[in-house]
Amino acid sequence: MSNSSGVGANVLAVANGVVVKKFWTNCGGNQVYVHHNINGKKYTSAYLHLSQILVSEGQFVSKDTLIGKMGGQKGTGDTCTTGAHLHLSIAYGLRYKDYWTYNDYKARLINPRQVINFPSNYYSAWSNRVTRY
Ligand SMILES: [Zn+2]
């Protein structure tokens, strides 16, 4: 169940893939990275600020597999954020295989709308921050 803020909402994999890493950092909180191979192209998706992680490293996931639960408010998995949100990103290539660092990941970010269809009427708003990194 989720409350009205979105904390606790289901966070789903964007496509079939394999969970490659899950870990915690101060500002990203609980986070999960998933490798995808879509029509022969490799991508990595990331889900940050989770209040709960519900998958394991090495686990195969399908599109819409439950990855975890949304956090993003203080006390829901990290210490930097102040409002509930899913921090979703998608990048070319396989982080933790073909490249490693967050800077390398950031350099490969794409607009997720290029490769996935966003739910039309889910939580309140989508904020495109691709251009602000
Ligand atoms: Zn965020």
Any chance segment 1-8 includes a residue that's at pLDDT 90 or above and crowded, with 19+ Cβ neighbours inside 10 Å?
no
Conditions (1) touching a Leu at 6+ places or on another chain (Cβ under 8 Å); (2) modelled with pLDDT under 95; (3) buried (at least 16 other Cβ atoms within 10 Å of the Cβ); (4) on the phi < 0 side of the Ramachandran plot; number of the one not met by Gly29
(4)
Look through segment 92-119, keep the residues that are exposed (fewer than 12 other Cβ atoms within 10 Å of the Cβ) and within 17 Å of Val18 (Cα to Cα), and return whichever of them is nearest to the ligand (Cβ to nearest atom).
Trp100
Which of the residues spanning segment 1-50 are of a type in the set (Val, Ile, Thr) and more than 24 Å from Asp98 (Cα to Cα)?
Val7, Val11
May I ask you to verify whether Lys106 is over 23 Å from Val7 (Cβ atoms) and assigned to a loop (DSSP other than H, G, I, E, B)?
no
Which condition number does Asp78 fail, the rest of (1) within 25 Å of Arg108 (Cα to Cα); (2) under 13 Å from the mean Cα position of the chain (by Cα); (3) crowded, with 21+ Cβ neighbours inside 10 Å; (4) of a type outside the set (A, V, I, L, M, F, W, C) being met?
(2)
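The values are calculated or read from the model by the stated rules, or taken from the named source; none is laboratory data. What you are looking at is a predicted structure, and each value in this text was computed from that prediction instead of being measured. All Cβ positions, glycine included, derive from the backbone under ideal geometry; neighbour counts span all protein chains shown.
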